[in-house]
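Undergrad: Okay, handing you the structure first.
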Ligand code: PLP
């Protein structure tokens, strides 16, 4: 065997296949290896520190190595790490279910666990489909989805997604959905004057529901902001109208709070901004404050009750995973909710969101910033080659302009990831207003030096 570099970086390059990554490029370049974390910082194997500007992929809430969560996991380890939920219950999952129902929008009464945002959506889709079958409305099989939606990477969650780059190759494997246009004011092609938005996007949804409600099982939507689409924020009232119409036309509303849940938008769940109570709601990412894989699909008593019956009636929901309701992850989630309560995290958010808003304002004056979008502590800065015509960068070589800016930010001590030419900034909720300002100042300097 030849003499090999046995660093973690080399082992990674020799053995790992990274998600969403062109590995041919990955193995050629120097890669950062994270060895530790502290608060809102990540620390690499060389001891260098970086702000975790995307919360380790939109997950982290209270910072890394949060004592209360570390201790809760250790405490649970002293009892048991895992036992199955097939034929058995466990203590943390039962306690957590009660607390999730208590904080979720009114009407959501039952919790079905899984382990990622994708599986939570997969479950939501299967639940909605089977619900109508059980109700005898067998023609209600269709799902309405928004263009550019992202709901995960399993075949079902990809089917209800709409990002062409990720999904095109899998088209033959997917079920078809009815697409409605994304609410996206900056890119709007529906003919509205943005100053006097008549919300033509919502109207299209209405028309689809009015025409085809007999065959539609559910509308699936990311509330308030479509994250992976490029932080596309929705006009106020969009979700509220959607709820009103889905009720009117007897169609279920599935709200995917995987990215927006657990304080990200300034409230515990994004639905609350619009006073919306969905029929099915998914949550993951921040549920364990970014510690362990866990997800949940919540639904109403009405939907749950439709699945009740004797064995011969075949109403059981046949779905589950090996790690469904994992006690360790549920213990982390319980600790997460305790920190929310004890440290009054939600009450601390308006000052942080305002600090972010103030620091984002100067970006709007920058030559190559087309749009700046913010929903609580979810932010997107869209770079364009020409601001007047909104012409995107053509892209030279393998790197987008977004990549270049993020590389520059990394050199200055901030980890962020772009979505195309949209710079995404999603700091942990634990960031102070000053830290948020400092991180946005790094982004501003990076944009100025690269574009
Ligand atoms: N739904 C939304 C809205 C998301 O943003 C994501 C991930 O970014 C998912 C679902 C998929 O979650 P996971 O990556 O945990 O499978």
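Throughout, read-outs are computed from the coordinates displayed, never taken from laboratory work. Bear in mind that the values here come from a model prediction, so they are computed numbers and not experimental data. Quick reminder, even Gly has a Cβ in these numbers, built from the backbone with ideal geometry, and neighbours come from all protein chains shown.
Undergrad: Which value in nm describes the separation of the simple spin-label points at residue 138 and residue 15, placed 7 Å from the Cα toward the beta carbon?
TA: So the label points at residue 138 and residue 15 sit 5.2 nm apart.
Undergrad: Just from its helices, what would the mean residue ellipticity at 222 nm be for the chain, if runs of 4 or more DSSP H residues each count -39500 (n - 2.57) and the sum is divided by every residue, rounded to the nearest 500 deg cm²/dmol? Mind dumping the intermediate values first?
TA: On the way: 15 runs with 158 residues, N = 451.
Only helices count here, giving -10500 deg cm²/dmol.
Undergrad: For the stretch 295-451, what is the relative contact order in percent, using Cα pairs closer than 8 Å and at least 6 residues apart in sequence? Walk me through the numbers on the way to the answer.
TA: Details: 166 pairs, mean separation 29.1, N = 157.
Over the stretch 295-451, the number comes to 19 percent.
Undergrad: Working only with C-alpha atoms, what are the Rg and Dmax values of the stretch 136-215, expressed in angstrom?
TA: 14.4, 45
Undergrad: Something else now. Could you calculate the contour length gain from residue 204 to residue 244, that is, 0.36 nm times the residue separation minus the distance between their Cα atoms, to one decimal place in nm?
TA: Working: separation 40, 0.36 × 40 = 14.40 nm, distance 1.44 nm.
Full extension of this stretch gives 13.0 nm more.
Undergrad: Could you work out, for the stretch 28-160, what percent of all Cα-Cα pairs fall into each 10 Å distance bin, beginning at 0 Å and stopping at the bin that holds the largest distance?
TA: 9, 22, 33, 24, 10, 2, 0
Undergrad: Using only Cα atoms, locate the centre of the stretch 248-284 and the centre of the stretch 1-56, then give the distance between them in Å, rounded to an integer.
TA: Computed from Cα coordinates, the inter-centre distance equals 34 Å.
Undergrad: Further question on the same structure: If the chain between residue 103 and residue 312 were fully stretched, how many nm would it gain, using 0.36 nm times the residue separation less the Cα-Cα distance? Intermediate results must be reported in sequence, preceding the final value.
TA: Numbers: separation 209, 0.36 × 209 = 75.24 nm, distance 3.58 nm.
Computed gain between residue 103 and residue 312 is 71.7 nm.
Undergrad: Would you please put 126-138, 382-394, 323-335, 147-159 in order of how densely packed they are, using the mean number of other Cβ atoms within 10 angstrom per residue and starting with the highest? Could the numbers behind the result be given before it?
TA: Details: 126-138: 17.3, 382-394: 14.9, 323-335: 24.7, 147-159: 21.5.
Output ranking for 126-138, 382-394, 323-335, 147-159: 323-335, 147-159, 126-138, 382-394.
Undergrad: Rounded to whole Å, give me the distance from the Cα center of the stretch 300-329 to that of the stretch 385-424.
TA: Using only Cα atoms to place each centre, the spacing works out to 44 Å.
Undergrad: Another question about this same structure. Tell me, in nm to one decimal, what length is gained between residue 94 and residue 186 on full extension, where the rule is 0.36 nm per residue of separation less the Cα-Cα distance? Intermediate values should be presented prior to the final figure.
TA: Numbers: separation 92, 0.36 × 92 = 33.12 nm, distance 4.41 nm.
Residue separation times 0.36 nm, minus the Cα-Cα distance, leaves 28.7 nm.
Undergrad: Sticking with this one: When you have a sec, figure out the Kirkwood radius of the chain from all distinct Cα pair distances and drop it here in Å to one decimal?
TA: Numbers: mean 1/r = 0.0433 Å⁻¹.
About 23.1 Å, per the Kirkwood formula over Cα pairs.
Undergrad: Now a separate question. Any idea how far apart residue 31 and residue 82 come out in nm if each label point goes 7 Å out from Cα toward Cβ?
TA: Spacing of the two 7 Å Cα→Cβ label points: 2.4 nm.
Undergrad: If a/c stays under 1.5 just call it rounded; otherwise compare a/b with b/c (prolate if a/b is bigger, oblate if not). Do that for the stretch 318-399, with a ≥ b ≥ c from the square roots of the Cα gyration tensor eigenvalues.
TA: Values: a/c = 4.40, a/b = 1.68, b/c = 2.61.
Oblate is the answer for the stretch 318-399, as a/c is 1.5 or above yet b/c matches or exceeds a/b.
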